[in-house]
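Presented below is the structure to which this report refers.
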Amino acid sequence: MRYVSRVVRAAAASLFIVAAGTGPLLAEQAAASAQVDLSQRTVSTFITERRPAEWTLTFTGVLVARDEIAVGTALQDQRIATVEVEVGERVKAGQVLVRLETAMLENKLGEAEGRVARSKAALAQQEATLAQAQSALERAERLKTTRTISQQTYEDRASAVAVAKQSVAVQRAENAEAQAQRAEAQRQLERAIVRAPADGVVSERLARAGAQAGAEPLIRLIRDGAVEFAAEVPEADLPALAVGQTVKVKLAGRAAEMKGTVRIVAPKIDRETRLGSAQITLDTKEPLFVGAFGKAEVVFAKREAIVVADSALVYGRGTDDCAVFVVNDGRVQRRPVETGLRKSGKVEIRAGLEPGERIVAKAGA
């Protein structure tokens, strides 16, 4: 028992010595851990300033014809004789584009002219008959006063005048109808020559010699050769566009940018894609090809403002409930702010901050 007691006392003394020796080491580890905690609490800050800022929209689109004219003919089932233009050719108003075969139309015109000639001759004959009947009636009226002509003869001559007048009226109507038919045959013959309705560039040549003309267009023209940029704009960005804004357009395969102007902002959004559209007139003399792809950029707002990164904001219950952490004397304070325009991770601060204040760059938890 006495031996065991001595052994226990010796073990306890050894443990005390070990503990006393490791005490300073544990203290150093605790201090290092505290320093690590302090280093993890450091934050990056920046000083706010008011400076010129601009907000841009970027969207894609293709080149399209501003106004494309479909040129056809009302003479269906008429064979095409010749096509006198090629794709890409610039044409003038009134220039011949397509000629149709005219043999049948010329025959119809000849027949119509024959009917007009016959109706004119018949009209002249009826007018002569009327003149004779009126002359006979006038003689009968003079003889009637001297009682040298019977009443029956006078009435017969008066009736002949009435019948002649009716015949002349009928023949004049037939003559007018014949002239109308001749005018229609003449118009059809003129339609057999298809002309350009306006100056432009041939974009499609659908007519082929020997084919039958139908309801489909024969030629398509780009009026005045005007080509513009049709942009597809996301629904959320569409309100930022306005007619007259200056746009920079970069087309595929071209190094230089082109300047343009917003001509139309369409008031309709596609239900499926949720995209709107805008037409942009390009200010360039370089050749433009319909269907070419491009990207456009427009500055929709430009002013002096305090702008911060979106990471500097903390949000409350809603997107309008925003705040930043302002640093004063090494301490941070949460301050509500009013935000404005947002684009590409940058946010405009309209109220709540003044230039020269220091705020936390990343206001995460």
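The values are calculated or read from the model by the stated rules, or taken from the named source; none is laboratory data. Computed from a predicted structure; not experimentally measured. Because the Cβ atoms are built from the backbone with ideal geometry, glycine has one as well, and the counts that use them run over all protein chains shown. Heavy atoms of the whole protein, side chains included, go into the accessibility calculation; ligands, DNA and RNA do not. Shrake-Rupley method; radii C 1.70, N 1.55, O 1.52, S 1.80 Å.
Here is how the numbers come out for the structure above:
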{"quantity": "Residues being free of Cβ contacts under 8 Å to residues at least 60 places away in the same chain and hydrophobic (A, V, I, L, M, F, W, C) - total across segment 105-130", "calculated": "7"}
{"quantity": "S203, sole failed condition from (1) more than 30 Å from L63 (Cα to Cα); (2) of a type outside the set (V, I, T); (3) outside any helix (DSSP H, G or I)", "calculated": "(1)"}
{"quantity": "Test: residue in segment 37-50 that is modelled with pLDDT of 85 or more, within 24 Å of the chain's Cα centre (by Cα) and not in a strand (DSSP E or B)", "calculated": "no"}
{"quantity": "Breaking point among (1) farther than 21 Å from W55 by Cβ; (2) part of a strand (DSSP E or B), for T261", "calculated": "(1)"}
{"quantity": "Candidate set from segment 275-328 (those that are open to solvent by 80 Å² or more (accessible area, probe 1.4 Å) and of a type in the set (S, T, Y)); member that is nearest to T45 (Cα to Cα)", "calculated": "Y315"}
{"quantity": "Any hit, segment 342-361, residues being among the hydroxyl-bearing types (S, T, Y) and either assigned to a strand (DSSP E or B) or at pLDDT 85 or above (or both)", "calculated": "no"}
{"quantity": "Residue within segment 132-150 that is closer than 26 Å to N175 by Cβ, open to solvent by 80 Å² or more (accessible area, probe 1.4 Å) and modelled with pLDDT of 90 or more present", "calculated": "yes"}
{"quantity": "Cross-chain or 6+ apart pairs with Cβ under 9 Å, segment 71-82 first and under 23 Å from D199 (Cβ atoms) and assigned to a strand (DSSP E or B), then open to solvent by 20 Å² or more (accessible area, probe 1.4 Å) and basic (K, R)", "calculated": "V71/R195; V71/R220; T82/R99"}
{"quantity": "Residue in segment 62-109 that is surrounded by the fewest Cβ atoms within 10 Å (Cβ to Cβ), counting only those that are at positive phi and under 31 Å from the mean Cα position of the chain (by Cα)", "calculated": "G94"}
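Every residue, every condition in (1) open to solvent by 20 Å² or more (accessible area, probe 1.4 Å); (2) modelled with pLDDT under 90, yes or no:
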site	(1), (2)
A162	yes, no
Q179	yes, no
G200	no, no
R208	yes, no
V227	yes, no
D237	yes, yes
A242	yes, no
